[in-house]
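Worksheet: one structure, shown below.
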Amino acid sequence: MNFTSAGLLEFDALKALLGRFVSSPGGHAELDCIEPSSERAVVEETLAETEEAIAYHTASLQTQTTSRGAAIRLRFDQLPDVQEHVAKLQIGGVPLEGMEIRELLALLDRATEIRAILLAAQDRYPRLAQYANRVAEFRPLLKELSGKIEPDGSLSDHASVALHRIRRDMERQQRSIEQSLERFLRAHRDEGILQDEYVTFRNERYVLPIVAGQRRKVDGIIHAASGTGHTLFIEPLETVGLNNDLVRLREEEMREVYRILAEITDRLRGAASDIALSVKVLAKLELLFAKARFAADFDCVIPRFSPESQPRLAVVRARHPLLADVFRRQRKAVVPLTLTLEPAQRILLISGPNTGGKTVALKTVGLFALMAQSGIPVPADTAELPFFDEVLADIGDQQSIEQSLSSFSAHIVRIREILEQHGPRSLVLLDELGRATDPDEGGALGVAIVDRLRRAGSFALASTHLLAPKIYGASTPGVLNGSMSFDEETLEPTYVLRTGVPGASAGLHIAQRLGLPVDLIEQARSRLSTAQRDLGHFLKLLEDRLGSAARMEAEAGALKQALEQERASLAALWEKREAAKIRELERRTEEVLSQFESRAHQTIDRIAESGEQRKFTEQSLRRVAQTKRELREEIEATVGATQRNPDQPAKPALTEGMRVKLRGVREPARVRRLLHNGALEVEAGFMKLQVDPNDVIEVLPETPASARFSKGISVHMAPREGGSFREINVIGRRADEAVEAVEKFLDSAALASVMQTRIVHGHGKGILKSAIATMLKTHPLVEKFYDAIPQEGGSGATIVELREMG
């Protein structure tokens, strides 16, 4: 990607801002390598990883407990710089120092911890887990080397058996020397030869401070003298041998320490490639989470790239991150930027007052493009950008005395470079188009430059104060005018971008606000031509009307949202009240039905006690069941109508062939004909009826024939040989004949929509009853079966309730 304008767009300053969230030297090294990429797949994967890191970071901030959805916070602080240590491992025969080993082990321990945490959450964060998988398993190595290096980098006494023995010998030797010197002090305390009564250390040997004039009274070796020369540090002859033994032990210790360090280094060198990769992965992870913390701190989103066939640039409430950082320290809020450029309208010409935010708008869009293609989240509510090959900018004054370039010359040189590089996948940013020369010529040149960009299909944002580009923007397809608003009352810009109309420069207003004398400003106004004053008034009028339209649109949107909320609230209240009414209705219905059934059975039982009118009793029981069923269906239909939301679509028009549910009829019916008098001819089971359309309470969906019976069951229609569908008598038949007859009877009863049948098998030896019961237990049409009541045959007959079809 050609991002030679990154300096003008302050990309390095953005990286420095991001660097505040990076702790380790390795993370900073990764940050230094960040730059915009021209590989779309790579950038999109980087953004996806960053998005996952943001999600993880957000989850870790929500709670520090182990509750569901929580994430353990990853720590990258206080990671040592081990780049030189890792490089040293590549050199054979060169051992690491103790502190170098300690720092390397500390980093590997942190890498192992992060690896375990991310792998435990790989279902929710698979991309982060991929990084964790690249970190080697160092736990065996860390366990092996644990406790061998002290915090100051020295070797622990337990680093080896030999080192432990040598150091114990050294301690005993030191005690022997100290005891010898203490005896010497006691023996010569009163002779005046001691400058002071203490034992000290010079040239790695124990010595005593002796008065310089008394040195001949002490047999020993002089190792040093004080600065004044009044004190000599002498090693008595009686401790020379002891000191020599101590020096020998120290040399043994140094050799053992060197051996141990070389051994540990060789152990680490065997895993050098894994260590180098893990160090690299840890640095990349730290940078990912630095971007996540940056996103949280600056309220950023992951930018999206528009399809290449339909490139689109749209940002909503975008904030320049560097400006946001400055304003935050000043306790101010940045005015966000919202703009949209479509495939058919790729050029935006921004006019308006000086210091009104035009340059900031250009820099915000340009920096967003660089950030997006560097895999960095952007401070905005939403951001959709084309994937650019170049971001080319001419912003600021590039004049150079050294290169003999005036402001205009530098401007033209930069424009020439841009025109040599731009294309349909370019973003071009031009600040103060046509500046630093005659306004007429500058305006004409600016129009020609923008038109060249338009014909090339580039996306471009340009700021200008000149009239010619404003007119060009208003009259040319594919070009959009925009203006930064200005408050006439406060004489200050509002920094709000409005598209669709050019803006006035308001140079005299700005000059007045910045302190120029009022009489000078009035004199300048008097020198404006009538055309200039009229144009300024016209632009101001356009801006006011655009602002009024925007306010009306915002108010309408707010009103619409309030109405939607009110409608939802009323609907919820209605549903709540209706649900309560229905529950009460259902409760009362159950009470009435229960009372009705209880009283009906009591009455029938009293009639049956006389032993007479058995037929009447049976009819009464059936009538009670039918009445109860019809009453329940009527109530269910009423409740269903009550529950129906008035916003739901009305019942569809009735047509021939429809399956319907009729009021007071349990079985589903099918519409056969629409009669001239408005009535319907329907067929319910084997009954043909004429009903009023209002008796249709529901249109039923068609049920495939294959769904009406269990798998493996097929039905073949055949003529019935007579008899009832509600009762069969198999007394006198063999068991297999009776079972076969009952099976056929049940199939016919189901097809006739009969829900309850009676099988008369008699008492006898119970063979028929047992065979039929065995068959009924597994029959797919049978809901349940039981002995008939005494009035209907008792144990000599079986009542069968069938499953409802349809």
Taking a ≥ b ≥ c as the square roots of the eigenvalues of the Cα gyration tensor of region 729-794, is the shape rounded (a/c under 1.5), prolate (a/b larger than b/c) or oblate? oblate
What's the carbon and sulfur percent of region 219-265's accessible surface, probe 1.4 angstrom, rounded to a whole number? 57 percent
Partners for Lys744 among aspartates and glutamates (Cα-Cα distance below 14 Å; same-chain residues under 8 apart left out): Glu721, Glu727, Asp736
Using amide H atoms built in the peptide plane, which far-off residues or other-chain residues are under 5 Å from Phe459 H to H? Ser426, Val428
Quick check: the distance between the Cα centres of region 304-366 and region 738-759, to the nearest angstrom? 79 Å
Could you work out how far the C-alpha centroid of region 125-162 sits from that of region 170-198, in angstrom? 46 Å
Expressed per residue, the solvent accessible area of region 174-256 in Å² (1.4 Å probe) is about 58 Å²
Check the straight Cα-Cα distances from Lys15 and name the aspartates and glutamates below 18 Å, setting aside those fewer than 8 residues away within the same chain. Glu30, Asp32, Glu35, Glu286, Asp297, Asp299, Asp325
Taking a ≥ b ≥ c as the square roots of the Cα gyration tensor eigenvalues, with a/c under 1.5 meaning rounded and otherwise prolate when a/b beats b/c, else oblate, which class fits region 429-477? prolate
If you take the beta carbon distance between Met99 and Asp77 as r and set R0 to 25 Å, what does 1/(1 + (r/R0)^6) give as a FRET efficiency, to the nearest 0.05? 0.85
Output the peptides 131-141, 425-435 sorted from most to least packed, where packing is the average of other Cβ atoms within 10 Å over each peptide's residues. 425-435, 131-141
Which order, highest average first, do 34-41, 674-681 follow once you tally other Cβ atoms within 10 Å for each residue and take the mean per peptide? 34-41, 674-681
Give me the one-decimal nm value for the distance between modelled label points at Arg670 and Arg452, 7 Å along each residue's Cα-to-Cβ direction. 8.0 nm
Please say if region 1-131 is rounded, prolate or oblate, where rounded means a/c under 1.5 for a ≥ b ≥ c the square roots of the C-alpha gyration tensor eigenvalues, and otherwise the choice is prolate for a/b larger than b/c and oblate otherwise? oblate
Tally Lys/Arg at +1 and Asp/Glu at -1 over every other residue whose Cβ is under 14 Å from the Cβ of Glu235; what's the total? -2
With both bridge residues required to lie in region 333-465, what share of the DSSP beta bridges run antiparallel, to the nearest 5%? 15 percent
Could you point to the residue in Ile260, Leu282, Leu323 farthest towards the positive end of region 203-356's charge dipole, with +1 and -1 charges on the Cβ of Lys/Arg and Asp/Glu respectively? Leu323
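The values are calculated or read from the model by the stated rules, or taken from the named source; none is laboratory data. Model, not experiment: these values are computed from the prediction. Here the Cβ is made from the backbone with ideal geometry for all residues, glycine too, and neighbour counts use every protein chain on show. For the accessible areas, the whole protein counts, side chains as well, though only heavy atoms, and no ligand, DNA or RNA atoms are used. Shrake-Rupley method; radii C 1.70, N 1.55, O 1.52, S 1.80 Å.
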